[in-house]
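Student: One structure, as structure tokens, below. Some questions next.
The values are calculated or read from the model by the stated rules, or taken from the named source; none is laboratory data. Keep in mind that what you see is a predicted model, and the values were worked out from it rather than measured. Don't worry about glycine lacking a Cβ; one is built from the backbone with ideal geometry, like all the others, and counts go over all protein chains shown.
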Amino acid sequence: MATLTTFTAGTVIRAADVNANFVAVNTDIAGAMRTGYTNAVPVGNVLTGVDPLHQWTMPANTIATVGDGLIVHAQFVFANNANTKTVKFNIGTGTAIVLNSTTAPNNKDLLVDLVVVYTSASGFKVYGTPVLCGHVNGSSPTLESSVTGLGLSANPATALTVGFTGEGTASDDVDQSYTLISIFKAS
């Protein structure tokens with residue numbers, strides 16, 4: 001937290017004091033949240049098996065304090081076919097299933113907003129509820145299974161791969177349209 005100059009009533013305030021306070025506050029704000037990774041280049045799975053989609057190598061110690069974490073926004077588009085589709089979020093060796101469909105999400109989008117919080121030297125908790133949306137105006141969104149409080153093992157003192165994988169039966173069953181990962185610091 002920034003150290004700010006306190007002004008009392010009746011005291012003459014110098015411009016340098018006010019400017020110093022603005023610099024301190026702006027430094028705190030800039031350190032509170034920053035973008036770690038963005039990708040808007042569509043990528044899809046290839047035939048059967050698990051394929052990496054958008055992936056980011058988070059440098060070691062990017063997250064160093066319990067309470068630090070990531071905010072992850074992502075969008076996926078599913079092919080208009082009867083194939084089953086799976087999307088997983090990964091951090092290091094930890095995996096959270098975001099969508100594991102036994103009923104094919106034909107011609108739909110999956111919007112994912114996750115909060116990933118560093119809880120210990122080897123762990124994170126993931127919170128969020130993915131939303132499955134149809135392409136047709138007026139179609140109702142469907143909440144997928146929640147990943148609230150799911151624990152993942154990973155050590156942020158080392159570089160970690162953060163991102164998504166997709167699995168389908170045919171190529172491009174699962175396409176990832178964009179990803180934005182922001183880093184936040186504990187207060």
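Student: For the structure I just gave you, tell me whether G44 is over 17 Å from the mean Cα position of the chain (by Cα) and modelled with pLDDT of 90 or more. Give the derivation first.
Tutor: Details: over 17 Å from the mean Cα position of the chain (by Cα): yes; modelled with pLDDT of 90 or more: yes.
So G44 passes the test.
Student: Still on this structure, I have one more. Could you run through the range 146-187 and say how many residues are touching a helix residue (DSSP H, G or I) at 6+ places or on another chain (Cβ under 8 Å), part of a strand (DSSP E or B) and not hydrophobic (A, V, I, L, M, F, W, C)? Even if it seems obvious, please write down each step before you answer.
Tutor: Applying the first criterion (touching a helix residue (DSSP H, G or I) at 6+ places or on another chain (Cβ under 8 Å)) to the range 146-187 yields 184-185, 187.
Now restrict to residues that are part of a strand (DSSP E or B): 184.
If we keep only those that are not hydrophobic (A, V, I, L, M, F, W, C) as well, we get none.
Counting residues in the range 146-187 that are touching a helix residue (DSSP H, G or I) at 6+ places or on another chain (Cβ under 8 Å), part of a strand (DSSP E or B) and not hydrophobic (A, V, I, L, M, F, W, C) gives 0.
Student: Take the residues in the range 122-145 that are touching a Pro at 6+ places or on another chain (Cβ under 9 Å) and assigned to a strand (DSSP E or B); name whichever of them is modelled with the lowest pLDDT.
Tutor: L143
Student: Confirm whether V87 is crowded, with 19+ Cβ neighbours inside 10 Å, at pLDDT below 90 and assigned to a strand (DSSP E or B).
Tutor: no
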